[in-house]
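The structure under discussion appears below in the form of structure tokens.
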Amino acid sequence: MTTTSTPATVDPVDVSRPVHRAELTQGERWTRSLTITVDGPAGSGKSTIARLVAESLGFNYVETGATYRALGWLALERGIPLDDGARLRGLAIAQPTNLGYHEGRWVVRIAGVDVTDAIREPRIDDAASKVASHDGVRDVLVARQRQLSLDRDSVLDGRDCGTTVRPDADLKIFITADLEERARRRGGQQDELGTSKSDDVAQDLAARDARDAKQSGAADDAIVVDTTTMGIQEGVDLVVDQWLERRRELLGQEITQGRTADEWINNEAGLANFDRVLSRTRPIWEKGFRLKSVGVERVPDGPCLFIANHASMWDPAFLITPLNRVIRYMGKAELAENRYVKNMADAIGFFPVRRGAGDRVALHIGEEVLRRGDSLGVFPEGTRVYEGRLARPRQGAARLALVTGVPIVPVAIYGNRWSESLFRVTVAFGRPHTFDGQLATPDNIRRATTQVWGDVQELWDALRADRSF
Ligand code: DC
């Protein structure tokens, strides 16, 4: 095979350092994804913990080590010497590794090949570590790892994620464990995978530690977690708790429509008016719109996520009135400025979302609202829909349910469009879905969305059939 050199005029690798959240403008922060880095040596439990944290929080999981492993695998496949930094760099540029989730697992692909299992062989431990020792290769792979983590909330797992890949991360964790314990775990892993087992796991690990040492330090602002005497779940819970604390801190600094995110989450001043506003407006909904409901008895007492179709700006009132309790809503930011609806919106604990802007702050406010024990109403069609059918739902609500463990109640509203009724609205509450013990993986989120939206559609069809005369 001949060596192809990259043309000198093209440097496809962007190594610019990411910018810290604090340096961004408010508008940029709203859309900025959130990042957790989990670094540490092999066998520390770091990868398992990082993956489970990502799946608990509904985050994307970026296993940076897999990019080194995949490149090592491909280099062996193609007979490229592991000490030829220039050729390896060229290969890394030409063949970017893809990380994604498919049918229940995180999949690693390079050069069109699924290498998820192949890269766990002990021979790849060694190849990856050698590949990773070339600075020219690291530049390329670090840029790729950044790219894989930028557009979605992500957990990055590796050695230098907190120091080099995402020095701008919102939370940095460094996981360690005694060498002896790490060797015991790594040996167990090799048994489990059925891969050929190296003779002296501890010795291999120590050699790899030494070779990886230069890129393996904890960031100054990392939280160090020693897992020597800790179970995996304990480690996961610890990181998730650290994250929730850190996020509250971040949201406390975030100002949106004149209030801090914390003020929107609690909104005690607005909610204090709930009973008064509800009793005052009840006649509008019950007499004016002849609001009727079915299935109220199915709704559990505690916090729920109500998922409904959406056609009228009064839909929140149509859900709240029959249940007689607070349901918070994410609404377009303009509502906070509209003096006619502002007080009513405030009384049900509305909080703003900047639509079309990929507003992430609003989603995290929503999660905190559920965590504080309030119910939340979501219209997953994203905008009001007027045609005689329901639109395709977005998946954010199912993610919230899986992350918080709050049940979803499917709801259909009929008669909320002029074409359907003249002031005759019916709301149907369906059977709740609970997702206990399910992680917020992409598959589970998709499945939950499909199930719940199927129920909404069925309830809506039933209401429509009932009304067709
Ligand atoms: O975590 P792991 O064993 O899958 O990592 C494989 C190799 O890649 C390891 O020897 C160190 C290297 N690596 C790195 O240098 N920087 C990272 N962020 C991740 C892994």
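The values are calculated or read from the model by the stated rules, or taken from the named source; none is laboratory data. No experiment lies behind these values; they were computed from the predicted model shown. Note: ideal-geometry Cβ built from the backbone for every residue, glycine included; neighbour counts use all protein chains shown. Side chains are part of the model used for accessible areas, which takes the heavy atoms of the whole protein and leaves out ligands, DNA and RNA. Shrake-Rupley method; radii C 1.70, N 1.55, O 1.52, S 1.80 Å.
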VAL294's amide H: which non-local residues (gap 5+, or another chain) put their own amide H closer than 5 Å, with H modeled 1.01 Å from N in plane and none for Pro or chain starts? VAL427, ALA428, PHE429
So for R0 = 22 Å, FRET eff. of ARG424-VAL385 from the Cβ-Cβ r, to 0.05, ends up at 0.70
If you place +1 on the Cβ of every Lys and Arg and -1 on the Cβ of every Asp and Glu, how big does the dipole about the Cα centre of the range 258-466 come out, in debye to the nearest 20? 440
Which value, in nm² and rounded to one decimal, describes the direction-averaged projected area of the C-alpha convex hull of the range 159-246? 6.6
So for the chain, averaging the separation of alpha carbon pairs under 8 Å that are six or more residues apart and normalising by length, what relative contact order in percent results? 17
Using only alpha-carbon positions, what ratio does the radius of gyration of the chain give when scaled by 2.2 N^0.38 Å? 1.13
5 angstrom amide H check on VAL225, placed H, neighbours 5+ away: PHE174, ILE175, THR176
With every protein chain in place, the range 352-412: carbon and sulfur % of accessible area (1.4 Å): 46
Under the classification rounded if a/c is under 1.5, otherwise prolate if a/b is larger than b/c and oblate if not, where does the range 325-444 fall, given a ≥ b ≥ c as square roots of the Cα gyration tensor eigenvalues? oblate
Length gained when the stretch ARG248-ASP135 is fully extended (0.36 nm per residue, less Cα-Cα span): 37.0 nm
Contact order relative to length for the range 258-466, counting C-alpha pairs under 8 Å separated by 6 or more residues, stands in percent at 28
In whole Hz, with x marking every Gly and Pro, tabulate ³J(HN,Hα) for the range 256-262 from phi via Karplus 6.51 cos²θ - 1.76 cosθ + 1.60, θ = phi - 60°. 9, 6, x, 10, 6, 4, 4
For the range 263-339, what % of the accessible area comes from carbon and sulfur atoms, probe 1.4 Å? 52
Could you order peptides 308-320, 252-264, 422-434 by the average number of other Cβ atoms within 10 Å of their residues, highest first? 308-320, 422-434, 252-264
Based on Cβ point charges of +1 for Lys and Arg and -1 for Asp and Glu, what charge dipole magnitude is obtained for the chain about its Cα centre, in debye rounded to the nearest 20? 1980
Per the rule of 0.36 nm per residue minus the C-alpha distance, extending LYS332 to ALA210 adds in nm 38.6 nm
Three-way shape label, the range 258-466, alpha-carbon gyration tensor, a/c 1.5: rounded
How much length, in nm to one decimal, is gained on full extension between ILE223 and ASN324, taken as 0.36 nm per residue of separation minus their Cα-Cα distance? 31.9 nm
Net charge of Cβ neighbours under 13 Å - reference ARG105; Lys, Arg +1; Asp, Glu -1: -3
Please name whichever of VAL369, GLY349, ALA75 sits farthest to the positive end of the charge dipole of the chain, dipole taken about the Cα centre and charges placed at Cβ: Lys and Arg +1, Asp and Glu -1. GLY349
Value at 222 nm in deg cm²/dmol, rounded to 500, when DSSP H runs of n ≥ 4 in the chain each add -39,500 (n - 2.57): -13000 deg cm²/dmol
Distance in Å, no decimals, from the C-alpha centre of the range 398-469 to the one of the range 150-224 is 43
Hydropathy at least -1.0 by Kyte-Doolittle, axial extent at least 24 angstrom from the Cα trace: which helices of the chain, defined as entire DSSP H runs, fit? 232-253, 442-467
For the range 318-340 and the range 49-108, compute the distance between their C-alpha centroids and round to whole Å. 45
Which far-off residues, 5 or more places away or on another chain, put their amide H under 5 Å from the one on GLY331, with H placed in the peptide plane? PHE351, VAL353
Cα gyration tensor of the range 21-253 - equivalent ellipsoid semi-axes, whole Å, descending: 28, 22, 16
Can you work out ³J(HN,Hα) from phi for every residue in the range 29-35, in order, using Karplus 6.51 cos²θ - 1.76 cosθ + 1.60 and θ = phi - 60°, giving whole Hz and x for Gly and Pro? 5, 4, 9, 6, 6, 9, 9
The chain accessible area per residue, 1.4 Å probe, protein heavy atoms, integer Å², reads 46
In units of 2.2 N^0.38 Å, what is the alpha-carbon radius of gyration of the range 37-144? 1.04
